[in-house]
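K.L.:
Right, I'll just put the structure down here and ask away after.
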Amino acid sequence: MLRILIDGYNLMYAVGALGERRGPDAFRRKRTRFLNDLAARLGADRAAETTIVFDAASAPEHLPQEQFHNGLSVVYAIGHDSADACIERIISAHSTPKQLTVVSTDHRIRLAAKRRRSAALTADEFWSRLDDDLKRVQRRLAAPIADNQPERPEFSTPEETRRWLAAFADVEQDPEVLAELKKSRPILTDDEIRQIEREVELED
């Protein structure tokens, strides 16, 4: 279902993606990079609900009026006076216009959206929201994994403590434990440590 309708060159201009025109091939490469960036920012689900409309003057040759790019529906206004006219037609034909968000700074398009009670965002507002979404995702990915795990209690409850004490009450009398304790190296006293230090100094 179409939920986001974008005035293509209007948005490209607003975010500085048009740049200087240096021939049709360079211009089409810029448009492709822009579409890649837009699809990545939207994510797969929203991209599948988005249509972006471009004027037909710079449409790729030998391609249909509508094509798909990384999930986006890309429409060239072939057979229309302009992209504005094509966008107006899409708005007027939308079955649930209240669920539609139209992205353009163009007054004519925003008026067409308002007439059908669709939401209208300027190009700057829309891109700013995508930036905010992207930053939230980046923060979430950068957060330590432990932050997403439920906190473990630092100490056992009193009841758990009593159960553990009862379970290990006779451990010191266990023959195997006693045998291991006897094999353990005894802890040195302070005097023994000082004696060792003196012997080391004498050797030096």
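The values are calculated or read from the model by the stated rules, or taken from the named source; none is laboratory data. As the structure is a computational prediction, the values presented were derived from the model and not from experiment. Here Cβ is always computed from backbone atoms with ideal geometry, including for glycine, and neighbour counts include all displayed protein chains.
K.L.:
Which residue out of Ala40, Ala57, Ala93 is exposed (fewer than 13 other Cβ atoms within 10 Å of the Cβ), in the same structural domain as Leu130 (by TED's automatic domain parsing) and either at pLDDT 90 or above or under 15 Å from Ala123 (Cα atoms) (or both)?
P.N.:
The conditions single out Ala93.
K.L.:
Separate question: Return yes or no: is Ala85 at pLDDT 95 or above and either part of a helix (DSSP H, G or I) or touching a Leu at 6+ places or on another chain (Cβ under 8 Å) (or both)?
P.N.:
Here the answer is no, as Ala85 does not meet what is asked.
K.L.:
Of (1) closer than 23 Å to Ala14 by Cα; (2) modelled with pLDDT under 90, Pro150 satisfies all except one. Which?
P.N.:
Every listed condition holds for Pro150 apart from (1).
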